[in-house]
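All remarks here apply to the structure that follows.
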Amino acid sequence: MSDTSPPPTGSASPVDMAASAPTMYASKHAAGTDAPSVHDGTVVVVGAGVTGLVTAQLLCEAGVDVVVIEKLPQLGGLARSFVYDDKYVFDCGPHRFDTNNPNIKTYLERVLTRQGTFFPRKSEVYFKGKYYSWPIKPQNLAQLPPRLAGRAFIDLATNGSKEYGEDNFQNYILRQYGPTLYKHFFEGYSLKFLQVHPAETHSDWAKVGINRAIIDDKAQMQNLGQLLRSTLLQFNKVPQRFLYPKAGMYEAWDSVAARIEANGGRIILGQGAEMVGDGKRVVEVRAGEESFKPSVVIWTAPITLACKQLDLHVPDLGYLGLLLYNVIVREEAPRDYQWCYYGARDLLINRVSVPRFFSPDTTTPGVTGYCNEVTCMVGDARWQHGERLIDWVVDDMVRVGLIKDRGNVLDVHVERLPESYPIYRNDYPVELEKARSQLNQFDNLRLAGRTGLFWYNNMDHSMENALQLSKRLLRDAGMTDIDETKLAEGLN
Ligand SMILES: Cc1cc2nc3c(=O)[nH]c(=O)nc-3n(C[C@H](O)[C@H](O)[C@H](O)COP(=O)(O)OP(=O)(O)OC[C@H]3O[C@@H](n4cnc5c(N)ncnc54)[C@H](O)[C@@H]3O)c2cc1C
């Protein structure tokens, strides 16, 4: 995205937003004119997730006075870790760094003070009582039950001639993979995971999320010609390799926080921030007993909360809740996947990840941790009474062959993530645009990050967002020679 890119207009698709997010407010101002300057007082960063922490670090390193306010008592947001008994480390589901952006690679080399672990991806799907490697690769079709493989093959042969109606998640997947794979792999899993029917889910859910997370994006399978080509291409494919901090994800955020503090910044944990506006600016941000008069506010908390605090119409946008059942078992892992999808409707668990296959330092010999994900809506019965489902989760783990003997379960911890995923219903671009245009009236407010922008993203996108937003703010404050590469390398 170039500096002069205009803010998105009309209906704001998150796919467009993902690209333009970092510049969408700053582009109101020509460089050096009336843009609020980060040097005119304290910059308040709301949220100590990846976006908030990285932005705060980059601004502090440029000599800006920064305070970060985080409502949780710990760093990292959705990328935080949980450490039990000082030895068992879990993240929020599978978290690992994966980027081709040279600036993000440079930045990560700088902040990961110890060499991280690199590992090739090994992910699976559990389907009708058997494990298959995942994402779908064309050659996997042959390993499926013969009747299903046959039908999927016929779909692919005839798919090019079929018309699928309006643009929603269901039709997007039907167009891409045909009815058999849609029905068996996508319909049930999506309904179970998102709790919204695929026909009511926007196609962006596939474009920005599922394509990245589940389907092999190199595998074009809309018809037989593409299938054949994709299968042949798989043979030359360099395996994907991920980077992970040895001790757990928290190691990265501790390092970023230390850099913020070493450069004069402050981090307040365990206090929810509250904005007060006068219709044109955010004039105050409160955190418990403290109050700040901000030059600029960088808001990475929910966009809906920003509207509420500033007395604006609250858009009809929702986030999915996630329960994590972190189960510690005195057994070796029977499978060596890093994570696996469990789509069957009679299983409570959606996905399981195994921290020891990200880094062996996250557990002790002979003990395996499993992070089981169960989605819900914040406030529903699952959310409120999640602890009552522990037995069901452990039963599921026995049923799918992860635990041999229930007596070997040492401990189970339940963790709650209220804003784990933005829910992309068909009408969400309209609602999002409403929220953005109202918030855009506040001259010194910048939305950022996954939750602040209602953006189904990954950590590397949040880091790119931080680099671009920091560059823009520093240029507006007169540091015209700043670019993302200099920021990634470090200004001091
Ligand atoms: C299950 C799961 C698995 C994932 N796996 C991967 C992966 O493997 N690789 C990858 O790159 N990405 C992954 N991601 C995505 C990654 O977690 C996010 O892209 C990233 O953490 C987003 O960071 P953020 O700072 O933009 O947002 P957030 O992490 O949402 O940060 C927002 C922060 O604001 C805080 N907050 C909220 N309200 C207030 C308030 N009133 N006052 C102060 N603070 C407030 C929140 O507590 C939070 O800390 C995964 C996400 C999930 C949910």
(request) Please state which one of Tyr337, Tyr341 is in contact (Cβ under 8 Å) with a residue 24 or more places away in the chain and part of a strand (DSSP E or B). (result) Tyr341
(request) State which residue pairs qualify: first residue farther than 22 Å from Gly52 by Cβ and inside region 74-103, second residue near the ligand (Cβ under 6 Å from one of its atoms) in any location, beta carbons under 9 Å apart, and separation of 6 or more residues or different chains. (result) Asn100/Asp460
(request) Sort out which residues of region 293-326 are crowded, with 23+ Cβ neighbours inside 10 Å and either away from the ligand (no atom under 13 Å from the Cβ) or hydroxyl-bearing (Ser, Thr, Tyr) (or both), and write them in order of number. (result) Pro294, Val296, Thr300, Tyr325
(request) Return only the number of the condition from (1) over 22 Å from the mean Cα position of the chain (by Cα); (2) more than 30 Å from Asn168 (Cβ to Cβ); (3) touching a residue at least 12 places away in the same chain (Cβ under 8 Å) that Asp481 does not satisfy. (result) (3)
(request) Go through region 428-451 and give me each residue that's outside any loop (DSSP other than H, G, I, E, B) and among the aromatic types (Phe, Trp, Tyr). (result) Tyr428
(request) From (1) within 14 Å of the ligand (Cβ to nearest atom); (2) modelled with pLDDT under 95; (3) in a helix (DSSP H, G or I), pick out the condition that doesn't hold for Glu109. (result) (1)
(request) For Ala206, state whether it is assigned to a helix (DSSP H, G or I), closer than 30 Å to Trp383 by Cβ and outside the structural domain of Trp455 (by TED's automatic domain parsing). (result) yes
(message) Here is a check on your reading of the model: is Gly116 within 14 Å of the ligand (Cβ to nearest atom), closer than 25 Å to Leu410 by Cβ and in contact with a strand residue (DSSP E or B) (Cβ under 6 Å, 6 or more places away or on another chain)?
(response) no
(request) Please find, among Gln74, Gln57, the residue that is within 16 Å of Arg472 (Cα to Cα) and either assigned by TED's automatic domain parsing to the domain that holds Ser255 or at pLDDT 95 or above (or both). (result) Gln57
(request) Can you give me the number of residues within region 363-422 that are of a type in the set (Gly, Ala, Ser), surrounded by fewer than 15 Cβ atoms within 10 Å (Cβ to Cβ) and touching a residue at least 60 places away in the same chain (Cβ under 8 Å)? (result) 1
(message) Just to be sure I understand the filter: pairs with C-beta atoms under 6 Å, separated by 6 or more residues or on different chains, first member in region 58-73 and in a loop (DSSP other than H, G, I, E, B), second member modelled with pLDDT of 95 or more. Which pairs pass?
(response) Ala62/Leu474; Val64/Val43; Asp65/Thr42; Lys71/Gly272; Pro73/Leu269; Pro73/Gly270
(message) Checking the condition among the charged types (D, E, K, R), within 11 Å of the ligand (Cβ to nearest atom) and surrounded by fewer than 22 Cβ atoms within 10 Å (Cβ to Cβ), which residue from Arg356, Arg286 passes?
(response) Arg286
(message) Can you tell me how many residues within region 291-343 are under 30 Å from Asp391 (Cα atoms) and either out of contact with any helix residue (DSSP H, G or I) (no Cβ under 7 Å at 6 or more places or on another chain) or not β-branched (Val, Ile, Thr) (or both)?
(response) 24
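Specify which of the listed residues (Leu453, Leu473) is surrounded by 23 or more Cβ atoms within 10 Å (Cβ to Cβ) and under 26 Å from Arg96 (Cα atoms). Outline the logic, then answer.
Values: Leu473 fails: under 26 Å from Arg96 (Cα atoms).
Result of the check over Leu453, Leu473: Leu453.
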(request) Please go through region 168-201 and pick out each residue that is surrounded by fewer than 18 Cβ atoms within 10 Å (Cβ to Cβ) and not in a helix (DSSP H, G or I). (result) Gln195, His197
(request) List every residue pair whose Cβ atoms sit under 6 Å apart, with the two residues 6 or more apart in sequence or on different chains, where the first one lies in region 456-476 and is more than 12 Å from Gly52 (Cβ to Cβ) and assigned to a helix (DSSP H, G or I) and the second, anywhere, is within 13 Å of the ligand (Cβ to nearest atom) and modelled with pLDDT of 95 or more. (result) Met459/Val50; Met459/Ala79; Asp460/Ile104
(message) Among the residues that make up region 272-289, is at least one of them under 20 Å from Val50 (Cβ atoms) and β-branched (Val, Ile, Thr)?
(response) no
(request) From Gln309, Gln338, grab the single residue that is more than 30 Å from Leu432 (Cβ to Cβ) and under 25 Å from the mean Cα position of the chain (by Cα). (result) Gln338
(request) Just need a number here: residues in region 79-128 that are surrounded by fewer than 18 Cβ atoms within 10 Å (Cβ to Cβ), in contact with a Lys or Arg (Cβ under 8 Å, 6 or more places away or on another chain) and polar (S, T, N, Q). (result) 2
(message) Kindly evaluate Leu432 against the criterion of being touching a Pro at 6+ places or on another chain (Cβ under 9 Å) and either crowded, with 22+ Cβ neighbours inside 10 Å or outside the structural domain of Val285 (by TED's automatic domain parsing) (or both).
(response) yes
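The values are calculated or read from the model by the stated rules, or taken from the named source; none is laboratory data. What you see is a predicted model; the values in this text were computed from it and never measured. Using ideal geometry, Cβ is built from the backbone for each residue, glycine included, and neighbour counts are taken over all protein chains shown.
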